[in-house]
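Please read the structure below before turning to the comments.
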Amino acid sequence: MPLNINLQQILLHWMNLAILTGGLYFLLYKPVKDFMDKRTAHYQELEEQAADKLAQAELLESQAKAKLEAADDEIHDERMRAQQAASDAAQEQLAQAEEQARRIIAKAQAEAEQSKERALRESQREMRDLAAKAAKKLAAKPGADFFDQFLDLTEGGKPHEGR
Amino acid sequence: MKQHKKGLAVCLAAAVLLLIAALMAGSPGPSESVQEAMRDAVLHGTGQISLFGLMTVNPGMISALLVTAFLLLCAALIRVFAIPRFQYQPGKLQLVLEELVGLFDGMAKGNSPHRNRFLGAYLFAAGSYIFVGTLSELLGLQAVTIHGHPITLPAPLSDVNAAIAMGTLSYLVILSGGVASNGLGGVGKTLKEFSLPISMSFRLFGALLSGLLVTELVYYYVALSFVLPVVVGVLFTLLHALIQTYVLTMLTALYYGEVSEPSPKKEKKKKLQAKNA
């Protein structure tokens, strides 16, 4: 044949290549590829586990956030209630203080009223006594003007300025 | 630093002395003309080798068997000693092996997303064979022809029979992908590319042969046998080993992906079945 082409040798080369392909596949290609696939699967599994853990962590985080928000709300409510209670207590105390002040004022007014009446009564009694005394003295000194004598007596025994 | 300089000077002096000795010794003259040497390199008419006494084969066949034996031995050693010690954080050897397998596996998956398991294994084997086979010519292994002459074993694919076997086998692999995916339609798709086995075979053969011929030419003349072979023999061989490996594996993966792509009718059927289910 031209170019020394030989069918027998071509077939021998085929056989050689078939043996080589099979041998390399089983000895090298498949084990290495299996190992690479195994490693890929291993890292994929790790990645999936990491993703799961991340999802769990995110869930926990959202739960914690929700709890925090609930606690915030509760704190807010408590604060409002406490403020309301404090405000109520202050109002009550103020009302009590006002009531007490009113009572004190009323009492003071009553006492003042009583003092005034007592003073008035005393002054009236004193005036009556003075008048009685003056009348007694007038009656004892004949010839003097009653009115001037009375005035002298009331001014501590000094003679009246009008004279 | 001084020791390095001394070593360099000794090397240079030895090289100059050897060059002078070689030039003074002279050459017995070429035993065959350059035409005969090149025709023999292409056709192997006179350089046949006995295969275990059963038949005579081209030297490329012996190279192919040696390369296969070497690759399988390496693979077995790696399988026994290296792979059981693989770790999730790879070492150097593991990294190289994973890169190689990943390269061909990625090429198979990228070009043939629908069906690629066997393709990846075939590309790995073919790529290793072409690369190591091409580099094997650098070793200059010697064999004895049936006429008792010594001969340097060439790269397996510089033998036209090896190149045709590689091209046609790749074509059969492509055909198998078409049949597995599309049945008879796949056969039709593959047969449309009837020129593929010829182009694949002769592309490989031409590329490898051109390297061989250039090397033959260079070594034919004594004066060209200094310094130049470092570039021609090593760099060019390395370069076209890489290029041919890439070209054949890429072409096989591309055509395999093309013929193994499910036809639109089949996809419609599958969708309908899925809907009904």
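For the stretch B:78-97, filtered to residues that are more than 15 Å from residue A:26 (Cα to Cα) and buried (at least 16 other Cβ atoms within 10 Å of the Cβ), the residue that is nearest to the other protein chains (Cβ to nearest Cβ) is B:86. Contact map, the stretch B:159-170: residues that are more than 7 Å from every other protein chain (Cβ to nearest Cβ) paired with residues that are outside any helix (DSSP H, G or I), Cβ distance under 8 Å, separation 6+ or inter-chain. Pairs shown: B:159/B:44; B:159/B:58. For first residues located in the stretch B:229-256 and under 13 Å from residue B:214 (Cβ atoms), partners that are among the acidic types (Asp, Glu) and outside any helix (DSSP H, G or I) and lie 6+ apart or on another chain with Cβ distances below 7 Å form the pairs B:237/B:137. On inspection, residue A:13 qualifies as within 12 Å of chain B (Cβ to nearest Cβ), surrounded by 12 or more Cβ atoms within 10 Å (Cβ to Cβ) and more than 35 Å from the chain's Cα centre (by Cα). Picking from residues in the stretch B:121-158 that are hydrophobic (A, V, I, L, M, F, W, C), surrounded by fewer than 24 Cβ atoms within 10 Å (Cβ to Cβ) and part of a loop (DSSP other than H, G, I, E, B), the one that is farthest from the other protein chains (Cβ to nearest Cβ) is B:138. When only residues in the stretch B:109-120 that are within 24 Å of residue B:76 (Cα to Cα) and at pLDDT 90 or above count, which is surrounded by the most Cβ atoms within 10 Å (Cβ to Cβ)? Checked the stretch B:109-120; the qualifying residue surrounded by the most Cβ atoms within 10 Å (Cβ to Cβ) is B:119.
The condition (being of a type in the set (Gly, Ala, Ser), touching a residue at least 60 places away in the same chain (Cβ under 8 Å) and part of a helix (DSSP H, G or I)) is satisfied by just one residue among B:47, B:102, B:110: B:110.
The values are calculated or read from the model by the stated rules, or taken from the named source; none is laboratory data. Small disclaimer: the values here were computed from a predicted structure and weren't measured. Cβ coordinates were reconstructed from backbone atoms using ideal geometry, including for glycine residues, and neighbour counts include every protein chain displayed.
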